[in-house]
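Contents: one structure, followed by commentary.
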Amino acid sequence: MDVVELFAGVGGFRLGLEAAGHEVIWSNQWEPSIQAQHASDCYVEHFGGRAHSNVDIHDVDAEEVPEHDLLVGGFPCQDYSVAQTNAQGIEGEKGALWWEIERILRARRPDLVLLENVNRLLRSPTDQRGRDFGVLLHCMADLGYVVEWRMINAADYGYATRRRRVFIIGAQAGTPWGEHIAGRAPEPLYLARRGFFADEFPVSDAQRTLPVEREPDTRLLGDPKRTSDDFAFDFDHAGVMVDGAIWSERVEPQRIDPVPLANLLADDGVGERYFIDEEDLDRWEYMKGAKREERTAANGHEYIFSTGAVPFPEPLDRPARTILTSEGTTGPSREKHVIEDPATGRLRILTPEEVERIMGFPEGWTASVPENWRYSTMGNALVVGLVEQMGQTLRSGPPEVTEAPYDGVSTSGQVE
């Protein structure tokens, strides 16, 4: 497939999809509010700059984006509320990057869309659970897409990090995947056995054999503005949307033993700058420890701050916790990984090369980037192997199903 990659970072989507035989023909990466464009520079270093755009996506004319088969992107989770609707389309809150994806989809209508986001997208905002994802689904329905999603923890499928992200596949009606999803979505075992994610990311044997009720769990409202104002739904880890009808359920992965953190660590020594000063250990232990403290907000409101403990040091027989942009530097922090160095037994942080291995990038991929940005780009990246698996599914196409589609529920109606 010809692929367009938005919010490209240092090329995680591209690495995975090209390993599966697809070709990225155009890309865009822009880091706002900073003059240096380290992620884009790294991307160009590896892939060249001939068809790469390093400008704010808001300033990209949709006509500049070439015709393509598949649009991909890992985009920030922001406010998706609809400010207004009119004959020209939908306008969202200024700066929300979903609307830039929607704008390019509206202009180009690729057959397929594959997106990645943090899993809280399914439940945001807190005061109207599911609204943001509902607006996204409604936009895609209006553009002729059927949609399937799955929240995937990379460690459940053999990878070296406990990183939970939601992946969203959209297919135009009339395409092979569009016909498959639309025709099969109501079936009792669709998500467990026949969906887009089912083969590469299998669920437990119990869910592969026990039928479940497949009446739609909910429906989108009459237009995106109504969905923005009034829609709420507790979306689960997996689901599908066809013509505004939504099925959603929790799926239990058929787990594959993950790669333990110990397997990815340098065993021949690392630079002294990665080791923690002993004089900082008390502060590290406090930052990592459980807390229940009385605190006072800036407005004078008193409250109890409570949080659980983070392992200190990290267990090496388990996969890494989620890599965050705040990794790096030896200043005490709750979020950073601290390990016992295999060569010396001393406590240290992870090196950039170790973080690259955890995320599935070739070692040294970000070597040309300032070290603090090496950690940041990996914290913003996705697990490359997961994308390669999805690329293989896209390459092979929908599974062959011989029996007639389930006819217990009609999916031919329009959005209510």
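The numbers here are math on the coordinates, done by the rules we state, and not lab data. Small disclaimer: the values here were computed from a predicted structure and weren't measured. Heads up, the Cβs are rebuilt from the backbone with ideal geometry, glycines too, and the neighbour counts pull from every protein chain shown.
With the gyration tensor restricted to C-alpha atoms of region 144-186, the semi-axes of the equivalent ellipsoid amount to 28, 9, 8 Å, longest first.
To test your reading of the geometry: what angle, between 0 and 90 degrees and rounded to tens, separates the Cα axis of helix 384-396 from the longest principal axis of the chain? Compared with the principal axis, the helix lies near 20 degrees. Summary of packing: across the peptides 310-317, 232-239, the per-residue average of other C-beta atoms within 10 Å ranks them, highest first, as 232-239, 310-317.
Among the aspartates and glutamates, which fall within straight-line cross-link reach of residue 291, defined as a Cα-Cα distance under 18 Å, with same-chain neighbours fewer than 8 residues apart omitted? Straight-line reach from residue 291, under 18 Å: 282, 302, 335.
If you take the alpha carbon atoms of region 267-350 and fit the smallest convex hull around them, that volume is 121 Å³ per residue.
Angle of helix 131-142 to the longest C-alpha principal axis of the chain, folded into 0 to 90 degrees and rounded to 10: 40°. Against the chain, whose longest principal axis comes from its Cα atoms, helix 38-47 is set at around 70 degrees. Each distinct pair of alpha carbons in the chain adds a 1/r term; the inverse of their mean, the Kirkwood radius, is 22.9 Å.
Which whole number of Å³ per residue matches the convex hull of the alpha-carbon atoms in region 293-410? Mind showing how you got there, number by number?
Working: hull volume 32.8 nm³, N = 118.
Expressed per residue, the convex hull around the Cα atoms of region 293-410 is 278 Å³.
Look at where the Cα atoms of region 165-229 and of region 3-77 average out, and the two centres are 28 Å apart.
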